[in-house]
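**Student:** Please read through the structure below; I'll follow up with questions.
The values are calculated or read from the model by the stated rules, or taken from the named source; none is laboratory data. Here the structure is a predicted model, which means the values were calculated and not measured. All Cβ positions, even for glycine, are placed from backbone atoms using ideal geometry, and neighbour counts span all protein chains on display. Surface areas here come from the heavy atoms of the whole protein model, side chains and all, with no ligands, DNA or RNA. Shrake-Rupley method; radii C 1.70, N 1.55, O 1.52, S 1.80 Å.
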Amino acid sequence: MRVLIQLRPSPDLVAAVTDPGRSATTADVADGLPGVMLDPSFNPVAVPRPVPPAGGDPLSLNQPLDFSMAAEEASVLVRGEISDDELTTRLALLPTLRPDVVGVFADPVIEPNLTCGGDAPVGDWRDVERLLGTSALHAEGLDGSGVALAVLDTGINAAHVARHLGRGVNLDAERSWNPSGVQGRPGEFEVDHGTMCAFDSLIAAPQASLIDIPVLLWSRMGGSALDGLLSDAVAAFAHLRTLLEAQPAESRSLVISNSWGSFSPRWDFPPGHPGNYSDNAAHPFNLVVASLDSAGADVLFAAGNCGRECKDGRCAYPDRPIGGANSHPRVLSIGGVDTEGERVGYSSQGPGRLAARKPDLCAYTHFSGSKAFGDGEPDSGTSAACPVAAGLVAAIRTQWPAARLSPSQLRSLLRRTADDRSDVGYDFDYGYGVVDPAGVLAALRRRAKRVA
């Protein structure tokens, strides 16, 4: 089983891991762990320590938290593999044999949220552009200019996106990042799922700067070409935290679009196990996600395609399929509706595992757009809905950076202004409703007047 091992080495080693100007290898941090085959290709990643308010619970993700990257407080992750037939024994032995071992956690396979639906597209991306009110957004200068929009997926083909959008694409190659072992140049990957996501994110925010992070291109023996490991997402988020903290505090903005998730419990420890990912706020990736939110990033995840009416064939959770970071209280979990406002049958329903009220919102999907999968194939799944919503967030961030409107305040505003599509109030099909850019603009105008 693939695992992440959380260590607390000496402060000087932690400092080497956290310093972008220095390098530390797995061998530097962990000079051998009993029964663990360490992965030397994975660069150690620092995990901040959650610091709750006085008397608070450091693992409660619903309360305000600070995160410390101080060398004497942060921990470090390495990646490895433990034989399945020795798993129980080794998990029990590691903390007793090595006092620097904090914990051993699941490193599940993550996969893109493709759709199980074979229906024809409903409308096209110009319909989505109209439904998002892009003319009104852009008239107020909300077009994504100067906003970093990270697409964590299979990589982007910028030429394809530009050709089908009919305009140029801002691809930030310098700040893009590849996991170890992934070859390819930013913006020059094969046309696939990540290209679709990039296209859809630019419908509302055509001037955003795309950061290309192909976390789904790690391939395992016998696996799909579109598989990744959660450990690569941990490393990607650590990279993004460095980028975010390098921005001036007064203009800080970073939108992170994630159209992927873990579909099966076979890659995870069971709920209640300390190494579990799906239901465990203490899993290092869930802590890293919270730390990015606290630092000023907007994190969006697809809710997944395990809806009761049209479940993706990979869905193996018997119930509550929105788990792990896709259900994190500090992210926007995005379900899908078509351009007529009807929920698509594959959009996962709540409750979520880390936070019950998931999905948060719905955005548009199953429309003709990027043609990444062929001329007659729609941009579909909550994979398309998530970047559509991320583009709207990036448009807002053009003039409303995190210092002016925090990620939590923006989430509240989007929920409050959403178009409620079913029973009054929150429901597990649509969340708070479908994104309503006109309502968002009106709320932002009122807010601007109050603080003027």
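**Student:** Hey, what do the phi angles of the range 136-148 turn into as Karplus ³J(HN,Hα) couplings, whole Hz, using 6.51/-1.76/1.60 and θ = phi - 60°, x for Gly and Pro?
**Tutor:** Whole-Hz 3J(HN,Hα) from phi for the range 136-148: 5, 4, 5, 4, 9, x, 9, 10, x, 4, x, 9, 7.
**Student:** Now for a separate question. So what is the accessible area of the chain per residue, in Å², with the probe set to 1.4 Å?
**Tutor:** Values: 16770 Å² over 452 residues.
I get 37 Å² per residue for this part.
**Student:** Ok, one more. Want the number for GLU190 to SER251: 0.36 nm per residue separation, take away the alpha-carbon distance, what's left?
**Tutor:** Taking GLU190 through SER251 to full extension adds about 18.6 nm, to one decimal.
**Student:** Mind checking the full-extension length gain between ASP31 and ARG314? Use 0.36 nm per residue of separation minus the Cα-Cα distance, one decimal, nm. Provide the component values of the computation, followed by the final result.
**Tutor:** Working: separation 283, 0.36 × 283 = 101.88 nm, distance 3.76 nm.
Difference between extended and current length: 98.1 nm.
**Student:** Using Cα pairs closer than 8 Å and at least 6 residues apart in sequence, work out the relative contact order for the chain, in percent. All intermediate terms of the calculation are to be shown ahead of the outcome.
**Tutor:** On the way: 1108 pairs, mean separation 79.8, N = 452.
About 18 percent, as a whole number.
**Student:** Compute the length gained on full extension between VAL51 and ALA356: take 0.36 nm times their separation in residues and subtract their Cα-Cα distance, giving the result in nm to one decimal.
**Tutor:** Between VAL51 and ALA356, full extension yields an extra 107.4 nm.
**Student:** Which far-off residues, 5 or more places away or on another chain, put their amide H under 5 Å from the one on LEU254, with H placed in the peptide plane?
**Tutor:** ASP298
**Student:** Another question, then. Pop out the ³J(HN,Hα) list for the range 282-293 in order, Karplus 6.51 cos²θ - 1.76 cosθ + 1.60 with θ = phi - 60°, rounded to Hz; leave Gly and Pro as x.
**Tutor:** 8, 4, x, 5, 5, 5, 5, 4, 4, 5, 5, 4
**Student:** For the residue pair SER135 and ASP119, what label-to-label distance in nm results when each label sits 7 Å from Cα along the Cα-to-beta-carbon direction?
**Tutor:** It is 2.8 nm.
**Student:** Can you compute the charge dipole magnitude of the chain about its Cα centre, using +1 on each Lys and Arg Cβ and -1 on each Asp and Glu Cβ, nothing else charged? Give it in debye, rounded to the nearest 20.
**Tutor:** Details: 38 positive and 54 negative charges, 239 e Å.
Approximately 1140 debye in magnitude.
**Student:** Let me ask something additional. Taking the chain as the reference, fit the longest principal axis to its C-alpha atoms, fit the long axis of helix 230-246 to the helix C-alpha atoms, and give the angle between the two in degrees, 0 to 90, nearest 10.
**Tutor:** 70 degrees
**Student:** Where the Cα atoms of the chain are projected onto their three principal axes, how long is each span, largest first, in whole Å?
**Tutor:** Ordered largest first, the chain gives principal extents of 61, 50, 44 Å.
**Student:** Right, another one. If you take the Cα atoms of the range 112-221, find Rg, then find the Kirkwood Rh from the mean of 1/r over all pairs, what is Rg/Rh? Numbers along the way, then the final one.
**Tutor:** Values: Rg = 14.8 Å, Rh = 14.8 Å.
Rounded to two decimals, Rg over Rh is 1.00.
**Student:** When Rg is the radius of gyration of the Cα atoms in the range 245-362 and Rh is its Kirkwood radius, what does Rg/Rh come to?
**Tutor:** On the way: Rg = 15.0 Å, Rh = 14.8 Å.
Rg/Rh: 1.01.
**Student:** Taking H as built 1.01 Å from N, whose amide H comes closer than 5 Å to the amide H of VAL147, not counting residues under 5 places away?
**Tutor:** SER209
**Student:** Using each residue's phi in the range 8-23, evaluate 6.51 cos²θ - 1.76 cosθ + 1.60 at θ = phi - 60° and report the 3J(HN,Hα) Karplus result to the nearest Hz, with x for Gly and Pro.
**Tutor:** My calculation for the range 8-23 gives 10, x, 5, x, 5, 6, 4, 4, 5, 6, 7, 7, x, x, 10, 9 Hz in order.
**Student:** When the helix-only estimate is applied to the chain (DSSP H runs of n ≥ 4, each -39,500 (n - 2.57), divided by the residue count), what is the mean residue ellipticity at 222 nm, nearest 500 deg cm²/dmol? Could the numbers behind the result be given before it?
**Tutor:** Values: 12 runs with 125 residues, N = 452.
Dividing the helical sum by the residues of the chain leaves -8000 deg cm²/dmol.
**Student:** Still on this model: Picking from TRP177, GLY133, THR195, whose Cα lies most toward the positive end of the charge dipole for the chain (charges on Cβ: Lys, Arg +1; Asp, Glu -1)?
**Tutor:** GLY133
**Student:** Something else about it: In the chain, what percent of the accessible surface is made up of carbon and sulfur (1.4 Å probe, ligands and nucleic acids excluded)? Working shown, then result.
**Tutor:** Details: 8270 of 16770 Å².
Carbon and sulfur atoms account for 49 percent of the accessible area of the chain.
**Student:** Here's another thing I want to ask about it. For the range 293-419, take the convex hull of the Cα atoms, compute a quarter of its surface area, and give me that in nm², please.
**Tutor:** Working: hull surface 33.4 nm².
For the range 293-419, the mean projected area of the Cα convex hull comes to 8.3 nm².
**Student:** Let me ask something additional. Which cross-chain or sequence-distant (5 or more) residues have an amide H under 5 Å from the amide H of PHE67, H modelled 1.01 Å from N in plane?
**Tutor:** HN-HN under 5 Å from PHE67: VAL51.
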